[in-house]
Amino acid sequence: MASTLSRTLRIASIAGVRAGIRVASARTPIIRPGFAQKSAVRAFSVSRATFDEQPRLRLGSPAPNFKAETTHGPIDFHEFIGKSWTILFSHPADFTPVCTTELGAFAQLEEEFAKRNTKLIGLSANGLDSHEKWIEDIEEVATNGNKVGFPIIADPERKVAFLYDMVDHQDLTNIDTKGIAFTIRAVFIIDPNKKVRLTMLYPASTGRNTAEVLRVLDSLQTGDKAGVTTPINWVPGEDVIVPPSVSNEAAAAKFGEFRAVKPYLRYTKYPTELLKK
Ligand code: BEZ
């Protein structure tokens, strides 16, 4: 119990210090819901305070820094980001079916992300030895001949997972054999200023869509460069939206032609020229 408690506190400390908030004390209540799986529940030691005191990562929040072991060696996350965009994505566990397909799909699109000055980094709640063996499987069955060229963080104690609030909260039965809550499928898009710009959270049962990750990255980068927003189901090349904060006069000066469907809904052509600057 002592080591379990200290682990709980260590995790809470990271989160608490980051967020500048109270850190869980030894009196923190331990959740012991009355599930049928008694042994798993007995081992389940992540306190309510730990859940509640994770940093509140909102869009625009600074991306918390951390040091971690990865399949490409130890990293300091902010140094890893450098001047790039970064996509940090988590998985519940190595050698699991949906995760294997997802890692393979990200590996296949790595070149597309690189063209957009974007680094990929995965996270899975297992150790390095496991990751390295799992990568062999992924490359055998899921990458269509590509290598897994990006690092995968080893996070067996869920330290990074807690820091980024990637741990399942609702479903307390969703715990591993050691009684630790599974990481969910989270995606964080972080810009070169190290700000969180977009998050996606998927349950363990549902694989993500890498084309959507690329699409939203394109939307963010187009918006930043051209000062536009993008409508539902937009893909690069299609018309974009002139934000309401831009007057008609300013829109005409910046974009040339635009069409107003309503005074607040104005479209202009894909801003090819502005994106070249
Ligand atoms: C999967 O990748 O298939 C998976 C992993 C953990 C829990 C459920 C599904």
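The values are calculated or read from the model by the stated rules, or taken from the named source; none is laboratory data. Note that this is a predicted model, so its numbers are computed, not measured. We place every Cβ from the backbone using ideal geometry, glycine too, and count neighbours over all the protein chains shown. Heads up: the accessible areas ignore ligands, DNA and RNA and are worked out on the full protein's heavy atoms, side chains in. Shrake-Rupley method; radii C 1.70, N 1.55, O 1.52, S 1.80 Å.
Listed values, structure above:
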{"item": "Unique match (being at pLDDT 95 or above and within 16 Å of the ligand (Cβ to nearest atom)) among 161, 186, 154, 181", "result": "186"}
{"item": "Every pair of residues 6+ apart whose Cβ atoms lie under 8 Å, when the first sits in region 140-157 and is on the phi < 0 side of the Ramachandran plot and of a type in the set (A, V, I, L, M) while the second is open to solvent by 60 Å² or more (accessible area, probe 1.4 Å) and modelled with pLDDT of 95 or more", "result": "142/101; 153/69; 154/69"}
{"item": "Any chance residue 138 is farther than 28 Å from residue 60 by Cβ and either hydrophobic (A, V, I, L, M, F, W, C) or open to solvent by less than 10 Å² (accessible area, probe 1.4 Å) (or both)", "result": "yes"}
{"item": "Candidate set: region 113-126, residues that are open to solvent by less than 30 Å² (accessible area, probe 1.4 Å) and of a type in the set (Gly, Ala, Ser); chosen: the one farthest from the ligand (Cβ to nearest atom)", "result": "122"}
{"item": "Total residues in region 201-242, condition within 16 Å of the ligand (Cβ to nearest atom) and not charged (D, E, K, R)", "result": "9"}
{"item": "Scan of region 81-112 for residues that are under 15 Å from residue 160 (Cα atoms) and more than 14 Å from the ligand (Cβ to nearest atom), ordered by number", "result": "87, 88"}
